[in-house]
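Single-structure report; data block below.
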Amino acid sequence: MSSDSPKHALLTQFAAVAKALGHAHRLELLEFVAQGEPSVDALAQRAGLTVANTSQHLLLLRRAGLLASRQDGKRVRYRLADDSVLNLLAELRRVAERNVAEVQQIVNGYFKQQDALEPVSRRELLERMEHGLVTVLDVRPEDEYRAGHVPGALNITLSELDSRLTELNRDHEIVAYCRGAYCVLSFEAVAALRTRGLNARRLEEGFPEWRVAGLPVETA
């Protein structure tokens with residue numbers, strides 16, 4: 001294949017997208033951005049990075065067509081370019097889960113030890129919600145919850161669990177969700193709730209996947 005052929009030019013652009021995904025910080029930033037439309041400052045704080053470093057990562061992701069941005073006063077806010085970005089991240093995760101031994105070791109060594117029970121599917125949760133058989137718990141930070149959440153979900157972060165346990169119906173199964181399939185917050189919340197005698201399980205994925213599936217969403 002000639003280096004100046006149209007196919008080579010296309011593959012070069014595809015490679016640029018793949019390169020943009022090739023850093024753990026950038027993958028995590030995409031997960032944070034998928035929750036709403038955060039500012040650079042908020043993303044830097046959430047990721048534990050400097051604003052300058054965060055801006056560099058975001059610029060690379062935007063140039064690769066994975067992010068869009070808008071000016072909001074003195075702040076720049078970022079969002080996923082479209083839902084195909086979330087689908088791309090999901091496929092990346094599934095390929096790694098199936099074919100990378102190190103990923104399987106991490107999942108089995110940490111995540112499944114934290115919660116060996118099968119998570120609740122979106123369809124199952126929707127059916128339980130319709131019959132009033134479940135309490136849905138959103139354990140993300142308040143700003144992410146306000147940007148969009150599963151209808152009727154309570155927003156209780158990990159640090160608030162003990163002080164707000166009385167808000168949870170002990171006769172209901174509690175289904176907790178977070179930012180995505182491997183968001184540690186939901187694993188830790190479910191473990192904490194079980195040690196306090198509540199019947200708790202995780203949603204199979206996170207809020208962004210729920211939204212992209214076309215399921216009902218509320219904003220606050």
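We did not get these values from a lab; they are worked out from the coordinates using the rules stated. Values in this document were obtained by computation on a predicted structure and should not be read as measured data. We place every Cβ from the backbone using ideal geometry, glycine too, and count neighbours over all the protein chains shown.
Using only alpha carbon pairs under 8 Å that are at least six residues apart, calculate the relative contact order of region 1-137 and give it in whole percent.
Taking the mean separation of contacting Cα pairs over the length of region 1-137, I get 16 percent.
Note down the nm distance, to one decimal, between modelled labels 7 Å out along Cα→Cβ at residue 157 and at residue 133.
Going from the residue 157 label point to the residue 133 one covers 3.3 nm.
Which whole-number percent gives the relative contact order of region 6-85, counting Cα pairs below 8 Å spaced six or more residues apart?
30
Translational D (Stokes-Einstein, µm²/s) of the chain at 4 °C and 1.567 mPa s when Rh comes from the Kirkwood sum over C-alpha pairs?
Diffusion coefficient, whole number: 69 µm²/s.
Residue by residue through region 24-34, which ³J(HN,Hα) values in whole Hz follow from phi under the Karplus form 6.51 cos²θ - 1.76 cosθ + 1.60 (θ = phi - 60°), with glycine and proline marked x?
Ordered by residue, 3J(HN,Hα) equals 4, 5, 5, 5, 5, 4, 4, 5, 5, 5, 5 Hz.
Could you derive backbone 3J(HN,Hα) for region 193-207 from the dihedral phi with the Karplus parameters 6.51, -1.76 and 1.60 (θ = phi - 60°), listing whole Hz in sequence and x where the residue is Gly or Pro?
Those phi angles translate into 5, 5, 5, 9, x, 9, 8, 10, 9, 9, 6, 4, 9, x, 4 Hz.
Tell me the mean residue ellipticity at 222 nm calculated for the chain from its helices only (DSSP H runs of n ≥ 4, each -39500 (n - 2.57), averaged over every residue, nearest 500). Don't skip to the end; give the middle numbers.
On the way: 10 runs with 102 residues, N = 220.
It lands at -13500 deg cm²/dmol.
To make sure I understand the rule: partners must be lysines, Cα under 24 Å from the Cα of residue 7, and not fewer than 8 residues away in the same chain. Which ones qualify?
Those lysines meeting the cut-off are 19.
Taking square-rooted eigenvalues a ≥ b ≥ c of the alpha carbon gyration tensor, is region 101-212 rounded, prolate or oblate, where a/c under 1.5 means rounded and, failing that, a/b exceeding b/c means prolate?
Details: a/c = 1.42, a/b = 1.26, b/c = 1.13.
Judged from the Cα gyration tensor, region 101-212 comes out rounded (a/c under 1.5).
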